[in-house]
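Novice: My structure is below; once you've seen it, I'll send some questions.
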Amino acid sequence: MRKRMLSKCTITQMEQEYLPSSVENIIIGAGIAGITTARLLQDVGEEVVVLEATDRLGGRIFTSNDGFEWGAEFIHGDDAATWKYIRQFGLQTEEDGIDTHPYIFEDNEVKVDNGDYPSCDEMIARIFQRIQTTQQITATAVNKVLEAICFEVDYPAERCEILRRAIQSEHGARLGHLSLRGMMEPSSFGRRNYRLTEGYGALVDKMGEGVSIHTETPIERIAWKQGGATVFDKNENSIRAKRVISTIPIGEMHRPTGGRMFSPALPPEYRKAFSELGAGRVWKIIVELRKQLCPPDMSLLRTSLTTQVWWPVTGKNGASGMSALVGPRGIKDFGKSSKRKARRVALQDLSWMFGEHVAHEVEAISIIPWARDPYCHTGYSFERNRGKGSREILQKPIQDTIYFAGEATVTGTVAGAIESAERVVAQILNATRKPLTAHLTSPLPSSPDTSSVPA
Ligand SMILES: Cc1cc2nc3c(=O)[nH]c(=O)nc-3n(C[C@H](O)[C@H](O)[C@H](O)COP(=O)(O)OP(=O)(O)OC[C@H]3O[C@@H](n4cnc5c(N)ncnc54)[C@H](O)[C@@H]3O)c2cc1C
């Protein structure tokens, strides 16, 4: 079995140009929010420079050289803002029924999730229903409602744990921190899920074409006043701009480096908004296999094991694999020794579920600890039980000089990050009295054609 190291850069990198001393718009972060903002601004003739801390584009979108998704994987729904760009760039997609045929690992057996008790999906639907019927869309934590509903249906202890871990890994949040409102936040834009045939990285590559992006430029300080700002990298190189659009992830904003970046400090309501949003903690595990282990119809496997939730994946040239999304409970179990232990635990959990022969089928195991990524420190944001209205506050520009985009200002998805970019560009065009472009005013295209290049 090979260990797979984080490969350097799978996404086309720009040739580095010299940084200008001043520009109209600086965008911090070359994730999908930053690149989309840059592209849309460039399209209307605005000067733009994107400054990215790492040596690659894409942030939490990261398609590995082997074609496996180390970060975002699915387009959630036919109405996701992502489709506009998928069509524009002529990218191919495939429908993926991740939630169509769920299994669970219960009583030491991998089995279809139905039978004597309500399935995990039915239980999640009951939680949603309870929230709606009792109008409890409040700051109450999810765990209270979940425990009450499990008690009412006499749900066995192992199933309760499976359910807890499934919700935890989906939101990256402990259930005592996730609010009911947070659980209800739309993270899907329709019922069906899709993948990009060439990987999510293809979208980043296309979006970034022709955009001025400087990698390996971590920004440490932003000195600002109304009408202008100067940003400094770690070597105190600086660049001035009329506007700064920050897409720095919520996890980084919670750290001392992120929190102290702005000089003068951000207004109190913005600092409060950042602190009140949760930074969901997830790790992703990809196990590359010689032969698929799971039953052919299995779309998802929920467990009460450390690795929490698994699903089958396919890499380049049809390579088989299984992917796990581990939330805070499992991450805690990995302890400080972390990546090595995570690799061992992944193998142990798979052997437990599918038999001892698993070790012979494994080609490589990749561990992607997003909660520890030096510039993201998070999987995705979530609404905590005291964070009402935080996202809306972050959507407001500060004195037409500092703008925030990125998934934390909408919801924790690629589509959310793209929407945030469109919103910021519309705000800037409004402030500069330029007309909105067709992209920002046109309705979403109708249902996607999943098999081919869109019109
Ligand atoms: C494991 C995992 C699975 C996911 N699955 C899905 C999915 O299936 N579908 C979906 O829609 N979403 C999914 N998401 C969420 C999705 O990936 C994110 O919502 C989206 O990619 C966020 O984009 P962004 O541009 O806001 O942030 P990011 O992609 O995090 O971009 C921010 C960029 O800013 C850079 N940066 C940070 N600090 C600095 C600094 N000081 N100076 C310069 N640059 C800096 C970072 O390096 C990064 O490149 C998943 C996320 C994870 C982690």
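Novice: Return yes or no: is Lys336 in the same structural domain as Cys294 (by TED's automatic domain parsing) and assigned to a helix (DSSP H, G or I)?
Specialist: no
Novice: Taking Gln427 as meeting all but one of (1) assigned by TED's automatic domain parsing to the domain that holds Ser304; (2) outside any loop (DSSP other than H, G, I, E, B), write down the number of the exception.
Specialist: (1)
Novice: For the range 175-196: of the residues being basic (Lys, Arg) and either modelled with pLDDT of 90 or more or under 23 Å from Phe68 (Cβ atoms) (or both), which is most open to solvent (accessible area, probe 1.4 Å)?
Specialist: The residue in question is Arg192.
Novice: Which one of these does Glu288 not meet: (1) assigned to a helix (DSSP H, G or I); (2) under 30 Å from Thr197 (Cβ atoms); (3) more than 16 Å from the ligand (Cβ to nearest atom); (4) open to solvent by less than 40 Å² (accessible area, probe 1.4 Å)?
Specialist: For Glu288, the failing item is (1).
Novice: Of the residues Arg255, Arg260, Arg221, which is under 27 Å from the mean Cα position of the chain (by Cα), open to solvent by 50 Å² or more (accessible area, probe 1.4 Å) and modelled with pLDDT of 95 or more?
Specialist: So the residue among Arg255, Arg260, Arg221 that is under 27 Å from the mean Cα position of the chain (by Cα), open to solvent by 50 Å² or more (accessible area, probe 1.4 Å) and modelled with pLDDT of 95 or more is Arg221.
Novice: Could you tell me which numbered condition Glu361 fails, if it satisfies all but one of (1) buried (at least 17 other Cβ atoms within 10 Å of the Cβ); (2) without any contact (Cβ under 8 Å) to a residue 60 or more places away in the chain?
Specialist: For Glu361, the failing item is (2).
Novice: Separate question: On the given criteria, is Asp297 acidic (Asp, Glu) and assigned to a loop (DSSP other than H, G, I, E, B)? Give the steps one after another, and end with the answer.
Specialist: On the way: acidic (Asp, Glu): yes; assigned to a loop (DSSP other than H, G, I, E, B): yes.
In short, yes.
Novice: Name the single residue, out of those in the range 224-249 being near the ligand (Cβ under 9 Å from one of its atoms) and among the aliphatic types (A, V, I, L, M), that is least open to solvent (accessible area, probe 1.4 Å).
Specialist: Val231
Novice: In the range 149-174, which residues are assigned to a helix (DSSP H, G or I) and open to solvent by 40 Å² or more (accessible area, probe 1.4 Å)?
Specialist: Phe151, Glu152, Ala157, Glu158, Glu161, Arg164, Glu170
Novice: Which residues, counting only those in the range 203-213, are open to solvent by less than 40 Å² (accessible area, probe 1.4 Å) and either farther than 20 Å from Ile402 by Cα or more than 23 Å from the chain's Cα centre (by Cα) (or both)?
Specialist: Matches in the range 203-213: Leu203, Val204, Met207, Gly208, Val211, Ser212.
Novice: Sort through Asp96, Asp79, Asp66 and tell me the only one that's in contact with a helix residue (DSSP H, G or I) (Cβ under 9 Å, 6 or more places away or on another chain) and within 25 Å of Asp349 (Cβ to Cβ).
Specialist: Asp66
Novice: Yes or no: Met298 touching a residue at least 60 places away in the same chain (Cβ under 8 Å) and more than 21 Å from Ile61 (Cα to Cα)?
Specialist: Criteria met by Met298.
Novice: Of all the residues that make up the range 148-199, how many are within 21 Å of Ala371 (Cβ to Cβ) and β-branched (Val, Ile, Thr)?
Specialist: Qualifying residue count, the range 148-199: 1.
Novice: Considering every residue within the range 372-389, establish whether at least one is under 29 Å from Asp78 (Cα atoms), of a type in the set (A, V, I, L, M, F, W, C) and either part of a strand (DSSP E or B) or within 16 Å of the ligand (Cβ to nearest atom) (or both).
Specialist: Looking through the range 372-389, at least one residue is under 29 Å from Asp78 (Cα atoms), of a type in the set (A, V, I, L, M, F, W, C) and either part of a strand (DSSP E or B) or within 16 Å of the ligand (Cβ to nearest atom) (or both).
Novice: So Val50 passes all but one of these: (1) away from the ligand (no atom under 14 Å from the Cβ); (2) more than 27 Å from Gly318 (Cβ to Cβ); (3) touching a residue at least 24 places away in the same chain (Cβ under 8 Å). Which condition number does it fail?
Specialist: (1)
Novice: Consider Glu356 against the criteria (1) open to solvent by less than 40 Å² (accessible area, probe 1.4 Å); (2) farther than 21 Å from Trp283 by Cβ; (3) away from the ligand (no atom under 16 Å from the Cβ); (4) at pLDDT below 95: it satisfies all of them except one. Which criterion is unmet?
Specialist: (1)
Novice: Count, please, the residues in the range 238-252 that happen to be of a type outside the set (Gly, Ala, Ser), under 23 Å from the mean Cα position of the chain (by Cα) and in a strand (DSSP E or B).
Specialist: Just the residues of the range 238-252 that are of a type outside the set (Gly, Ala, Ser), to begin with: 239-240, 242-245, 247-250, 252.
Adding the requirement that they be under 23 Å from the mean Cα position of the chain (by Cα) leaves 244-245, 247-250, 252.
Pick out the ones that are also in a strand (DSSP E or B) and you get 244-245.
Residues in the range 238-252 being of a type outside the set (Gly, Ala, Ser), under 23 Å from the mean Cα position of the chain (by Cα) and in a strand (DSSP E or B): 2 in total.
Novice: Going residue by residue through the range 83-90, is there one that turns out to be open to solvent by less than 20 Å² (accessible area, probe 1.4 Å), within 14 Å of the ligand (Cβ to nearest atom) and among the hydrophobic types (A, V, I, L, M, F, W, C)?
Specialist: yes
Novice: From (1) over 24 Å from Ser351 (Cα atoms); (2) in contact with a helix residue (DSSP H, G or I) (Cβ under 6 Å, 6 or more places away or on another chain), pick out the condition that doesn't hold for Gln129.
Specialist: (2)
Novice: Could you identify the single residue in Asp43, Asp79, Asp66 that is in contact with a Phe, Trp or Tyr (Cβ under 8 Å, 6 or more places away or on another chain), away from the ligand (no atom under 12 Å from the Cβ) and not small (Gly, Ala, Ser)? Talk me through it step by step, then tell me what you get.
Specialist: Numbers: Asp43 fails: in contact with a Phe, Trp or Tyr (Cβ under 8 Å, 6 or more places away or on another chain); Asp66 fails: in contact with a Phe, Trp or Tyr (Cβ under 8 Å, 6 or more places away or on another chain).
Checking each option against the conditions leaves just Asp79.
The values are calculated or read from the model by the stated rules, or taken from the named source; none is laboratory data. This one's a predicted model, so the numbers in the text were calculated from it and none came from an experiment. For neighbour counting, all protein chains shown are included, and Cβ atoms are generated from backbone atoms with ideal geometry for every residue, glycine included. Calculation scope for accessible area: heavy atoms of the full protein, side chains included, ligands and nucleic acids excluded. Shrake-Rupley method; radii C 1.70, N 1.55, O 1.52, S 1.80 Å.
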